[in-house]
Each structure stands twice: as C-alpha cells, then as structure tokens.
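A short worksheet on the structure shown next.
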Amino acid sequence: MFDWATIGDAGNAADSEVMDIDGTTGYGSVGYEFRIAKTEVTNAQYVEFLNDVAVSQDWYGLYNEAMSFEIWGGIIRTGTAGSYSYAVKPDAIGQGPGGSDYSYADKPVTFVSWFDAIRFANWMTSGDTERGTYNIDNGGVNFGFVTIPDHSTLGPGSFFLPTEDEWYKAAYYDGAGGYYDYPTSTNTPPDNNLPFADSGNSANLMATGDIFYAYTDVGSYSQTISPYAVFDMAGNVYEWNEALVTPTGRGIRGGGYDSLPSEAASWARSWNLPHSENTVTGQVGFRIAGSFEAPVPEPSTYAMAALGLWGLAFYGRRRRRDRQRAFVR
C-alpha cells in the first residue's frame, strides 16, 4: 500500500533561481495535478512485485544478486528458474542504532536500475512489466527503446516515475510562487539526527547511525516533510526520475545516507547510468507517482496503490545555482 500526496497548484512557475545547465530553464513548473507516494518503494513492496512477475524466469534482471549479499540490500531469492521465490532478508540482530535489530522490510529497496523502476510502474498500472505507462521495446535486459509519455495525458490508474519537474515541485515548491532550498520546507540545511530526535528539519544524511546498516525505515522522520507532506526527499537514498540528464544518464535527486546536506539541495542535480549490474548501487532507490484521479484498485497481486489525498502548502523563498555531477560508484 502507498499513501499519496496530491501535488496541486497546477501551472506554477518554475524556480527562476535554479537553472538548467545551459542557464535558461528552471525546474518545478508542472501544468497539471498529480500524486506522488509519500514514501520510497520498500523492500517488502518490491518483494511483492518480484513474486508476481519473476517466479518462472527473471527475464529482465529485476532481481540483483547484490540485494542478498550486500549489507545495503534487503531481499533474498531462493529456488531455481521456474520456481523462484523472493523474501525480505531476516533482521540483522543487534546491528541497528543503539544495538537494536536492523530490519529490512520497510527500508527503501536498493540495487534497482532505472529500468527496474519503470517496469515496477508498468506493473502497478497494467500488471505487465513491458507495457503500461511505458512501452519498452527491449534490446537486452536493461537496454532498449522506451517511450516516455506526456504525464498530463495519462488516464486514471496510471503510475510512473516522476519527471524531474514533478519531483522538484513535490520537494521544494512552497505553494506561494517560491521554492525552498531543501526538501524539508526550509532554507536551512537539515541536521542528521536519528528519527527519535527528529527536529522537524532532520534527514538520514552524513552517515546517520551505522554507515553499513545505514538506512532508516521510510517515513521515520515524521516531523520533517516537504511542502506537500512527502517524506524522505532528503537523504536515505537517491531517487530515480525520468530526466535524461546526459545522452546516457538518467536523473537522480535527493541525496543518500552518506551525502552532505548540499547534495539534497534544489541546485544539486545528479545522474546515474540507467542499466543494471555494475552501475546499480546500494544508494539509489525510487518512489512512484501517479495520475491525479487514480482510483483505489481492487486488491490484486500487482496493484499496491492508493490511499490518502492530502497536501499541505507552506511558505518560503528561494535559491542559487545548478550543479551537475556523475554518480557512478
């Protein structure tokens, strides 16, 4: 299940103080209402996806072996082709903050490629990984041509990766024509307090807690929200968006658990290669967005979506400049 924030204020102006690399185009202007998940996709939610579409064969590499053997991964696969089964990793006893047990179910899924993320969105929309919001003409596991739709034309029940403008608006737009510097409804860099000491401007940044068992459960920073009441848009994991930032690099935003606060700022634009295996990292995950009038579907094996239509507008101000850097580890 996802809880949704409604991103209204259709037709808002772009952030005039943060420009594209050519210095001409700001971010954040969206001409239609849409919804975005308040939290990142978790290991438990991705397990449900895998158990529906990758049991007989994992044709598209939706499961990455690093999910099982890397500390940052949270999913294990058992069985053989034809009878695969996926489950959330067992708790890491005593490895959480203060010697607590570190559980994986509600941690953000990682080691997911951009193609994995859009296939998840397709599955939520249609139950089919290759058709739905995105038509994927596959030329290999994580290569091939992808048709990117105009989100304003999508009908009810459509789910997608947010565009960069959608992600930016949900993170920084103040609802009054301006933009915050950080996706915590403030122009002050967030601190890295643990969730129990959430200051209202806190995030999982700068290696909060143990650098190895590094992630916090999604939504743990309940006092720290974006202007539209979305959680964890700063820190925890970088999040894929639709943008083609370089000829081969897809956009990521928001910073990770070991990022500086500046890497979650509005002017910090990053990218990663969209394919899998050696370019997929334990620091990149994703969240899902959806068409504004998406209905609550009947329970099924592939639709996990839709509750809560609420958004809050806050008031704030402005910005600085753009930055671009490669994020390939």
Spot the failing condition for residue 121; the list is (1) in a helix (DSSP H, G or I); (2) more than 28 Å from residue 8 (Cβ to Cβ), and only one is missed.
(2)
Which of the strands (runs of 3 or more DSSP E) contained wholly in the stretch 1-81 include at least 1 residues that are of a type outside the set (Val, Ile, Thr) and under 30 Å from residue 267 (Cβ atoms)?
4-7, 34-37
If we ask which residues in the stretch 206-264 are over 22 Å from residue 121 (Cα atoms), outside any loop (DSSP other than H, G, I, E, B) and among the hydrophobic types (A, V, I, L, M, F, W, C), their number turns out to be 1
Kindly check whether there is at least one residue in the stretch 229-244 that is modelled with pLDDT under 90, buried (at least 19 other Cβ atoms within 10 Å of the Cβ) and not polar (S, T, N, Q).
no
Mind counting the residues in the stretch 221-269 that are of a type in the set (Phe, Trp, Tyr) and within 10 Å of residue 205 (Cβ to Cβ)?
1
Residues of the stretch 229-246 being aromatic (Phe, Trp, Tyr) and touching a helix residue (DSSP H, G or I) at 6+ places or on another chain (Cβ under 8 Å), in sequence order, are 240
Going by the conditions given, is residue 105 touching a helix residue (DSSP H, G or I) at 6+ places or on another chain (Cβ under 7 Å), over 23 Å from residue 221 (Cβ atoms) and surrounded by fewer than 22 Cβ atoms within 10 Å (Cβ to Cβ)?
no
So residue 165 passes all but one of these: (1) surrounded by fewer than 24 Cβ atoms within 10 Å (Cβ to Cβ); (2) assigned to a loop (DSSP other than H, G, I, E, B). Which condition number does it fail?
(2)
Anything in the stretch 86-99 that is of a type outside the set (Val, Ile, Thr), surrounded by 13 or more Cβ atoms within 10 Å (Cβ to Cβ) and not in a helix (DSSP H, G or I)? List them, or say none.
86, 87, 89, 91, 92, 95, 96
Would you confirm whether or not the stretch 310-328 contains a residue that is modelled with pLDDT under 90, aliphatic (A, V, I, L, M) and buried (at least 21 other Cβ atoms within 10 Å of the Cβ)?
no
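Residue by residue, here is whether (1) within 30 Å of residue 90 (Cα to Cα); (2) touching a Phe, Trp or Tyr at 6+ places or on another chain (Cβ under 8 Å) holds:
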{"residue": "176", "(1), (2)": "no, yes"}
{"residue": "179", "(1), (2)": "no, yes"}
{"residue": "199", "(1), (2)": "no, no"}
{"residue": "203", "(1), (2)": "yes, yes"}
{"residue": "213", "(1), (2)": "yes, yes"}
If you check every pair at least six apart or on different chains, which have Cβ atoms under 8 Å apart with a residue in the stretch 112-125 that is within 16 Å of residue 248 (Cβ to Cβ) first and a residue that is in a helix (DSSP H, G or I) second?
113/279
Would you point out the residue of the stretch 185-228, among those that are in contact with a helix residue (DSSP H, G or I) (Cβ under 6 Å, 6 or more places away or on another chain) and among the small types (Gly, Ala, Ser), that is modelled with the lowest pLDDT?
209
Can you find a residue in the stretch 39-56 that is surrounded by 17 or more Cβ atoms within 10 Å (Cβ to Cβ) and modelled with pLDDT under 95?
no
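The values are calculated or read from the model by the stated rules, or taken from the named source; none is laboratory data. Small disclaimer: the values here were computed from a predicted structure and weren't measured. Ideal geometry is used to build each Cβ from the backbone, glycine not excepted, and the neighbour counts take in all protein chains shown.
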